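Comments concern the structure below.
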Amino acid sequence: MWQPRGRSVLTGLLTLIGCMPGCQPRPQPVGVPFPAVFQWGAASAAHQVEGGNTTNDWWLHEQQPGTIAHGDRSGEAVDHYHQFDRDFAEAAAMGHTAHRLSIEWSRIEPTQGHYDEAAWRHYDAVFASLARHHLRPMVTLWHFTNPQWTMAQGGWLNPRTGAAWVTFVEAVVARYQGQVRDWITLNEPNVYGFHAYDIGLWPPRHKNRDEAITAIINLLKAHGQASRAIHRLDPTARVGIANHIALFAPQNRWNPLDHLKAYLVDNLFNRMPIEAQVTGRIRVWAPGVTSRDETVPELAGSVDFIGLNYYTRWRQSVFDSSDQLVTAGAPVNDLGWEYYPEGLHEALLTLRPYHLPVVVTENGTADRSDRQRSALLTATFQGLRAAMADGIDLRGYYHWSLLDNFEWADGFRPAFGLMHVDRAALGMPRTWRPSAYLYRDLIRAARPAGDVAVGP
Ligand code: IFM
């Protein structure tokens, strides 16, 4: 079991003079084999692909003008609600062995305490389809959306939301244990907390950093309870959180204050949630906002693996209030995020101290032209092998995403899909992008001969 290690003054000083976030990993051999248990797949989330999620907070939010880029609304999304079987057939044809999806809480429980039988039957059919296509499910139990009734009760600022969600989690796990063993309780609680309660871009559109930290802490505490409940219902279950890790590096490597800013942002955004889920200790130090230190017994040892969502690196400067500056001259994707696939290896190395299995639960890029995605996939496979050579116990890679989808406040323009979706055409036809063929070939080459998809 991982033992908590305090971040010493020495560690802090080493960070300031040049390594930790932003340091370059050494070049690695390319021949490291992937273990037979390794899962290959793609990840998605209900609200971004299903369509028709009318009873959650995002649906309400989208109806207000000015909330989503280009006036988009999730609407029918990419109609995965009706086309899931065909979509899973395509994933299987790409050689995927697993698929990460989320169950929409607001569909199952549209009003508090009332579980919708048709919604259950829909997900029954989804899991039957995954099994038919030999795709091992990894199921996310909360991916940013909330039933509207929870928001009327104060959303994630109210610990009762966590208690209500744990009840939903118990119902889901009771129904699907035996079909599902890999559970992601929460997707990116850090991203949600800051977007919904600090930056104010996502519902409920608050602008208060202290509230953002409270929401993240309430999510983490609920995760701790959910993890206990899942293991109680199925002792063979494997539970994790999909943690968004962004790399934070100084804008000016000679400026110690830029290093300090990168260190503080990294600590609050990346390390705090991971340390909490592993050790049970929640330590927040946000100068000028709040500092918290509490121990939550349910959180200690609450994850069987660490989920990593990696996308990009952000520069930090004391002369700029933004914490999302892009490296000067660097290539960027369609959302203006630095294209930096080498960072996956760096992000994986930050997880080494926890001595737990790691799953890359998301990684990809917004690239409608598909000019960057193939190079990203090639670099990613090198990064995965390099991380394994460095001792990371890697168990899976889930590309974000199988299909183009609804990218929250950025709407439908950013295209993350291995498959392009023509939303304007009848039936929303899907087409493989060139990178989908490449991913298939990389998986083929990486899988040990004779390896078959492992069932739950
Ligand atoms: O689309 C999102 C997803 O919902 C969470 N992780 C990052 C993705 C790309 O921004």
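The values are calculated or read from the model by the stated rules, or taken from the named source; none is laboratory data. Treat the numbers as computed from the prediction; the structure is a model and nothing was measured. We place every Cβ from the backbone using ideal geometry, glycine too, and count neighbours over all the protein chains shown. SASA here: full protein model, heavy atoms, side chains in, ligands and nucleic acids out. Shrake-Rupley method; radii C 1.70, N 1.55, O 1.52, S 1.80 Å.
Can you pull out the residues in the range 307-324 that are in a strand (DSSP E or B) and either surrounded by fewer than 18 Cβ atoms within 10 Å (Cβ to Cβ) or of a type outside the set (A, V, I, L, M) (or both)? Before you say what the answer is, go through the steps one by one.
We begin by selecting, within the range 307-324, every residue in a strand (DSSP E or B); these are 307-316.
Listed by number, the residues that qualify are 307, 309, 310, 311, 312, 313, 314, 315, 316.
Could you figure out which of (1) touching a Gly at 6+ places or on another chain (Cβ under 8 Å); (2) free of Cβ contacts under 8 Å to residues at least 24 places away in the same chain isn't true of residue 219?
So the condition that residue 219 fails would be (2).
If a residue must be touching a residue at least 60 places away in the same chain (Cβ under 8 Å) and over 14 Å from residue 103 (Cα atoms), how many such residues does the range 180-194 contain?
Number satisfying all stated conditions: 5.
Among the candidates 398, 439, which residue alone is within 16 Å of the ligand (Cβ to nearest atom), open to solvent by less than 10 Å² (accessible area, probe 1.4 Å) and either farther than 19 Å from residue 243 by Cα or under 18 Å from the mean Cα position of the chain (by Cα) (or both)? Please lay out each step first, then the result.
Values: 439 fails: within 16 Å of the ligand (Cβ to nearest atom).
Answer to the selection: 398.
Got a number for residues in the range 342-369 being away from the ligand (no atom under 16 Å from the Cβ) and more than 20 Å from residue 383 (Cα to Cα)? Break it down stepwise before answering.
The first filter runs over the range 342-369 and keeps only residues away from the ligand (no atom under 16 Å from the Cβ), leaving 342, 345-346, 348-358, 369.
Still in the running and more than 20 Å from residue 383 (Cα to Cα): 369.
Number satisfying all stated conditions: 1.
Tally time: how many residues in the range 76-115 are open to solvent by less than 50 Å² (accessible area, probe 1.4 Å) and within 29 Å of residue 162 (Cα to Cα)? Before the answer, list the steps.
Going residue by residue through the range 76-115, those that are open to solvent by less than 50 Å² (accessible area, probe 1.4 Å) are 77-80, 83-84, 87-89, 91-92, 94-110.
From the residues that got through so far, the ones that are within 29 Å of residue 162 (Cα to Cα) too are 77, 80, 98-110.
Of the residues in the range 76-115, 15 are open to solvent by less than 50 Å² (accessible area, probe 1.4 Å) and within 29 Å of residue 162 (Cα to Cα).
Within the range 189-220, restricting attention to residues that are open to solvent by 10 Å² or more (accessible area, probe 1.4 Å) and assigned to a helix (DSSP H, G or I), which residue is nearest to residue 66 (Cα to Cα)?
The qualifying residue nearest to residue 66 (Cα to Cα) is 195.
Is it the case that residue 339 is under 23 Å from residue 216 (Cα atoms), within 16 Å of the ligand (Cβ to nearest atom) and open to solvent by 10 Å² or more (accessible area, probe 1.4 Å)?
Details: under 23 Å from residue 216 (Cα atoms): no; within 16 Å of the ligand (Cβ to nearest atom): yes; open to solvent by 10 Å² or more (accessible area, probe 1.4 Å): yes.
So residue 339 does not fit the description; no.
Show the residue pairs that are 6+ apart or on different chains and have beta-carbon atoms under 7 Å apart, the first residue being within the range 405-428 and more than 17 Å from residue 44 (Cβ to Cβ), the second being within 12 Å of the ligand (Cβ to nearest atom) and modelled with pLDDT of 95 or more.
Matching pairs, first to second residue: 409/202.
Among the numbered conditions (1) outside any loop (DSSP other than H, G, I, E, B); (2) over 21 Å from residue 295 (Cβ atoms); (3) open to solvent by 40 Å² or more (accessible area, probe 1.4 Å), tell me where residue 254 comes up short.
Checking residue 254 against (1) outside any loop (DSSP other than H, G, I, E, B); (2) over 21 Å from residue 295 (Cβ atoms); (3) open to solvent by 40 Å² or more (accessible area, probe 1.4 Å), the one that fails is (1).
Yes or no: residue 413 basic (Lys, Arg), in contact with a helix residue (DSSP H, G or I) (Cβ under 9 Å, 6 or more places away or on another chain) and either at positive phi or surrounded by 19 or more Cβ atoms within 10 Å (Cβ to Cβ) (or both)?
no
State yes or no: is residue 243 within 21 Å of the chain's Cα centre (by Cα), crowded, with 22+ Cβ neighbours inside 10 Å and at negative phi?
Criteria met by residue 243.
For the range 370-392, check the following and say yes or no: at least one residue is touching a residue at least 24 places away in the same chain (Cβ under 8 Å), within 16 Å of the chain's Cα centre (by Cα) and open to solvent by less than 10 Å² (accessible area, probe 1.4 Å). Outline the logic, then answer.
The initial filter retains those residues of the range 370-392 that are touching a residue at least 24 places away in the same chain (Cβ under 8 Å), namely 370, 372-392.
If we keep only those that are within 16 Å of the chain's Cα centre (by Cα) as well, we get none.
Within the range 370-392, not a single residue is touching a residue at least 24 places away in the same chain (Cβ under 8 Å), within 16 Å of the chain's Cα centre (by Cα) and open to solvent by less than 10 Å² (accessible area, probe 1.4 Å).
Filter the range 174-188 for residues that are over 18 Å from the mean Cα position of the chain (by Cα) and aliphatic (A, V, I, L, M); which is surrounded by the fewest Cβ atoms within 10 Å (Cβ to Cβ)?
Across the range 174-188, the extreme among qualifying residues is 174.
Determine whether the range 284-293 contains at least one residue that is open to solvent by 70 Å² or more (accessible area, probe 1.4 Å), in a strand (DSSP E or B) and of a type in the set (Phe, Trp, Tyr). Don't jump to the end; show me each part of the working.
Let us first name the residues in the range 284-293 that are open to solvent by 70 Å² or more (accessible area, probe 1.4 Å), namely 285, 287-288, 291, 293.
Going one step further and asking which of them are in a strand (DSSP E or B), we end up with 285, 291, 293.
Pick out the ones that are also of a type in the set (Phe, Trp, Tyr) and you get 285.
Taking every residue of the range 284-293 in turn, at least one turns out to be open to solvent by 70 Å² or more (accessible area, probe 1.4 Å), in a strand (DSSP E or B) and of a type in the set (Phe, Trp, Tyr).
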